[in-house]
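Down below is the structure, laid out as structure tokens.
A short reminder: the numbers here are calculations on the coordinates, not readings from a lab. The model shown is predicted, which means the values in this text are computed figures rather than measured ones. Cβ placement follows ideal geometry from the backbone for every residue including glycine, while neighbour counts extend to all protein chains displayed.
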Amino acid sequence: MSTAQLIALDLLVTLLAAAGWVSAGVAAAARRARAALALLAVAVVVTLVRVTTAVALATGGWWFAQDRVVLTGPLLGVAGLAAVLSAGPRLLSAVRAGAPGNAPTVVVPLLVAGYAGAAGLLLPLLAGYPATWSEAFVVVALVAAAGLVTWRVAAAGPPLWTFLPVLAMGLAGVGAGFATGADLDAGGGPTTRHPEGHGVSVADLRGPTTPAPGGRVRRYALTARQTTVQVGGRTVEAWGYNGQVPGPPITAEQGDLIEVTLRNDDIARGVTLHWHGYDVPAGEDGAPGVTQDAVRPGGEFVYRFRADQVGTYWYHTHQASDVGVKMGLYGTLVVGPPAKGLDLTVPVHTFGGTTVTGVAGTPQAAPGTPVRLRLVNTDSVPHRFTLAGAAYRLVAVDGGDLSGPGELREVELRLPAGGRYDLAFTMPDAAVALHLDGGEGLRLGGGEPQPAPKGWPELDITRYGTPATTPFGPDSRFDRSFTLVLDRAIALVDGVPRYAFTVNGRALPNVPTQLVREGDLVELTVANRGFDTHPWHLHGHRVLVLERDGRRVSGSPLWLDTFDVRPGEVWRVAFRANNPGEWMNHCHNLAHAAQGMSLHLRYDGVTTPFHGDHGG
Ligand code: C2O
Ligand code: CU
């Protein structure tokens, strides 16, 4: 059973346990001693089952079970034991004597056990990992308060002042929960040695102004403005660079200098350019509030960086990116000589519910022609692709060539939000169809459209291709190790309490900044405790995948800039800290990022003069 299924099963069992205790209490209150006794037995059994689901969850990773093991499990255990000891013997003798068995010493403990069970159901839904003292205070106070109320209803009950300590406990818990706590996570490495103000500003970490020897300067001017696009015969409001959606394709050869002048005509929220997957110097990264201020209407910013990495990348605004990218402020960046034959970039994007490939018409390729398709997912959710009519190879992922990519046919490719796949094949005699999410996508060559194939298994890219040497691996000694547990919880987002997308129980900007030093070998473990897929994306570095769910990569080394952490999954990745700066580290479901799932990774000694305007 997968961890995601276990999480669901555990919640179901917890619900049944809570229901069992509550209905035992209700049956007792209704003077049905025999039914109450039977339900008590059921509740005990289900509660014991819950112990096994919690233990099973813990084997998938401590993060998945921590709240169960340290808080809600013991709470239900204590309440359940008290209920058994108090209600059990009394119900037994009531059944023997034919008495109603509705004494408060029977009803109240049973219901309190039910409340404790309900807390075990609500806590994982409302609070993320880790369960804290503050949550423990609130949970225990709530269960106790509900118990006191029940007691007063069932019998004369305790005096009102007994609510005071319970109230105090709850308030203390809430107060502690709003304290923001540490703002730096050194990942087990040494903490800062550069006091604030004595380092290098990210604003000074700019790119070179000349190409490498033999390279040329590629100049682009991109002006963001409102425009419209045609999708499925409809005219849709959009924002574009130079009025185009996607924006003008940027291409270069390795060693060239890319120089892009960004202007903003009328996008009131402001815009930037972020070079997704491209490890530019920090000052060119386009992260508003971190590496620059957003470009407001009438403003301008010039980006310069060397085209060092070959492959398929993309660019997009990073200011209010949830809205900006959705509206069309993105384009492709392809570096390297165009592939021989047909070289097609396919920036997939969804406008108002319609997903388009970004390719006009039906491109033609003569049989025998080499074809390269560069798939780019510019949306916030994964897309599924199948290629029918030709055997092909997945030759590059996130711009990086794979080692020994074998021939593929009848498989489905799942491309994470923000990710890129390059497919290569030789054009056969008949047409080739690239289907998108089980529907129409792109056709090469003539012929009738074919229905999308069904039931093709998903390619596991961690087992595809052949191993090759890497500069570090799963057994390396890491200078710093960080763990990011992704979940949903009630947390402050920009000072407002929300049902946020959280990292380690906190939301932007309260997630502690990760601190590294130049040269560090850094390990990141990303675990998903929630029910949504989180495409994780670190700026400025490609990460090497070490393990997924404890299983090492057995195919080609995978250097990624975005990896999908699905519900219940745990990814372990690593990178060398070789690009000083302050970098965003966030979920590339940009709505999740805007609702809290975002943090910074900062090199020791780097400071930023930009504040407050982070734009997700
Ligand atoms: Cu493509 Cu911070 O994002
Ligand atoms: Cu997410």
What order, most packed first, do the peptides 121-133, 317-329 have when packing is the mean number of other Cβ atoms within 10 Å of each residue?
-> 317-329, 121-133
What length, rounded to one decimal in nm, is gained on full extension from L164 through to L184, with 0.36 nm per residue of separation minus their alpha-carbon distance?
-> 3.6 nm
Cβ-derived FRET efficiency at R0 56 Å, S93 paired with D494, nearest 0.05 = 0.45
At 7 Å along the Cα-to-beta-carbon direction for both A268 and L125, put a label point, then send me their distance in nm to one decimal.
-> 3.8 nm
Give the peptides 278-287, 333-342 in descending order of average Cβ contacts within 10 Å, highest first.
-> 278-287, 333-342
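Taking the Cα centre of the range 210-337 as origin and charging only Cβ (+1 Lys, Arg; -1 Asp, Glu), how large is the dipole, in debye to the nearest 20?
Value, rounded to 20: 260 debye.
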Cβ crowding within 10 Å averaged over residues, with 184-190, 238-244 ranked highest first = 238-244, 184-190
What FRET efficiency comes out for the pair A391/W62, r = Cβ-Cβ distance, R0 = 41 Å, nearest 0.05?
-> 0.40
What is the dipole size for the range 339-459, taken about its Cα centre, with +1 at each Lys and Arg Cβ and -1 at each Asp and Glu Cβ, in debye to the nearest 20?
-> 100 debye
For the residue pair A203 and T362, what label-to-label distance in nm results when each label sits 7 Å from Cα along the Cα-to-beta-carbon direction?
-> 5.6 nm
Mind checking the full-extension length gain between T105 and Q230? Use 0.36 nm per residue of separation minus the Cα-Cα distance, one decimal, nm.
-> 38.0 nm
Gain upon complete extension [L12, D429; 0.36 nm per residue less C-alpha separation] = 144.7 nm
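Is it possible to state the helix-based mean residue ellipticity at 222 nm for the chain, with each DSSP H run of 4+ residues giving -39500 (n - 2.57), the sum divided by total residues, to the nearest 500 deg cm²/dmol? What is it?
It lands at -8500 deg cm²/dmol.
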Candidate cut points under trypsin sites (Lys or Arg not before Pro) in the range 463-544, DSSP loop plus at most 16 other Cβ atoms within 10 Å of their own Cβ, are R477
How do D429, D479 line up, fewest other C-beta atoms within 10 Å first?
-> D429, D479
5 Å binning of all Cα-Cα separations within the range 81-238, expressed as whole percents from 0 upward | 1, 6, 8, 9, 9, 7, 6, 7, 7, 6, 6, 6, 5, 5, 4, 3, 2, 1, 1, 0
From the Cα gyration tensor of the range 511-605, with a ≥ b ≥ c the square roots of its eigenvalues, which class applies: rounded if a/c is under 1.5, or else prolate if a/b is larger than b/c, or else oblate?
-> oblate
What percent antiparallel are the DSSP beta bridges of the range 469-558, to the nearest 5?
-> 60 percent
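Over the range 210-337, what relative contact order in percent results from Cα pairs under 8 Å that are six or more residues apart?
30 percent
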Enumerate by residue number the trypsin sites (Lys or Arg not before Pro) in the range 1-96 meeting two conditions: DSSP loop (anything except H, G, I, E, B), and at most 15 other Cβ atoms within 10 Å of the site's Cβ.
-> R31
In debye, nearest 20, what is the charge dipole magnitude of the chain about its Cα centre with +1 on Lys and Arg Cβ and -1 on Asp and Glu Cβ, if you could check?
-> 1820 debye
Loop-located GluC sites (Glu not before Pro) in the range 415-522, at most 14 other Cβ atoms within 10 Å (DSSP) = E518
Given all pairs of distinct Cα atoms, the range 3-103 yields a Kirkwood Rh in Å of 14.2 Å
Nearest-5 percent of antiparallel DSSP beta bridges in the chain?
-> 75 percent
Mean projected area, convex hull of alpha-carbon positions in the range 3-177, reported to one decimal in nm², is 9.5 nm²
Please work out the C-alpha center-to-center distance from the range 365-405 to the range 509-552 and express it in whole Å.
-> 25 Å
Answer rounded, prolate or oblate for the range 110-169, using the Cα gyration tensor with square roots of eigenvalues a ≥ b ≥ c: rounded when a/c is under 1.5, else prolate when a/b is larger than b/c, else oblate.
-> oblate
Could you tell me, in Å, what Rg and Dmax come out for the Cα atoms of the range 339-459?
-> 13.3, 39
Computed over the Cα atoms of the chain, what is the ratio Rg over Rh, Rh following Kirkwood?
-> 1.06
Given that compact globular proteins tend to follow 2.2 N^0.38 Å, what is the ratio of the alpha-carbon Rg of the range 210-337 to that value?
-> 1.03
In the chain, whole DSSP H helices that both stretch 24 Å or further along their axis by alpha carbon positions and average at least -0.5 on the Kyte-Doolittle scale are 3-29, 33-60, 73-97, 104-126, 133-154
Charge-dipole axis of the chain as Lys and Arg at +1 and Asp and Glu at -1 on Cβ define it, positive-most pick from G530, G439, A294 = G530
Given charges at Cβ of Lys, Arg, Asp, Glu: the chain dipole, positive-most of G399, V496, G128 = G128
With the charge dipole of the range 3-177 built from beta-carbon charges (+1 for Lys and Arg, -1 for Asp and Glu) about the Cα centre, the Cα from V45, A145, G88 projecting farthest to the positive end belongs to G88
